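Single-structure report; data block below.
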Amino acid sequence: MSAYSGLWLLPLGLLVYKSRFIPRLVGVFVLVAASAYLVSAATAFVFPVYHRFVFWGAAPLYGLGEIGIIGWLLIKGAKDGALDEPAS
């Protein structure tokens, strides 16, 4: 399950980082969460004994990315005039 979450958050984080709708810092947090999920899934296959430690050690990173983007969209939302600006 965590590998699928990481694979989903990777393109989402890249899109958030490249777009100007949401601050780039939120995109970086999502990319960090994606990396944490992928490292946790890889640890489950390669070193299953240490998976529990890696999973709970990376748990704050999961929340930072996922709850960060959800919170940003719920509280602040996207910028109003972002569609009028040309993409760089």
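The values are calculated or read from the model by the stated rules, or taken from the named source; none is laboratory data. Since this is a predicted model, take the numbers as computed values, not measurements. All Cβ positions, glycine included, derive from the backbone under ideal geometry; neighbour counts span all protein chains shown. Keep in mind that these areas ignore ligands, DNA and RNA; they rest on the heavy atoms of the full protein, side chains included. Shrake-Rupley method; radii C 1.70, N 1.55, O 1.52, S 1.80 Å.
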Pairs returned, first residue in segment 54-65 that is under 14 Å from Ala42 (Cβ atoms), second residue that is open to solvent by 70 Å² or more (accessible area, probe 1.4 Å), beta-carbon separation under 7 angstrom, 6 or more apart or interchain, are Val54/Val39; Ala58/Val39
Taking segment 56-75 and keeping residues surrounded by 18 or more Cβ atoms within 10 Å (Cβ to Cβ), of a type in the set (Gly, Ala, Ser) and under 12 Å from the mean Cα position of the chain (by Cα) leaves Gly65, Gly68
In the set Phe47, Phe29, Phe53, the lone residue that is of a type in the set (Phe, Trp, Tyr), modelled with pLDDT of 90 or more, open to solvent by 60 Å² or more (accessible area, probe 1.4 Å) and within 16 Å of the chain's Cα centre (by Cα) is Phe29
Would you call Leu64 within 18 Å of Lys76 (Cα to Cα) and of a type outside the set (Lys, Arg)? yes
Residue pairs within 8 Å by beta carbon, gap of at least six or interchain, first lying in segment 1-28 and within 21 Å of Val39 (Cβ to Cβ), second open to solvent by 30 Å² or more (accessible area, probe 1.4 Å) and charged (D, E, K, R), listed first then second, are Leu9/Glu66; Val16/Arg24; Tyr17/Arg24; Gly27/Lys18
Residue within segment 49-66 that is of a type in the set (D, E, K, R) and in a loop (DSSP other than H, G, I, E, B) present:
no
Check: part of a helix (DSSP H, G or I) and touching a Leu at 6+ places or on another chain (Cβ under 7 Å), is that true of Val32?
Finding: yes
Is it fair to say Arg20 is charged (D, E, K, R), part of a helix (DSSP H, G or I) and more than 18 Å from Tyr4 (Cβ to Cβ)?
no
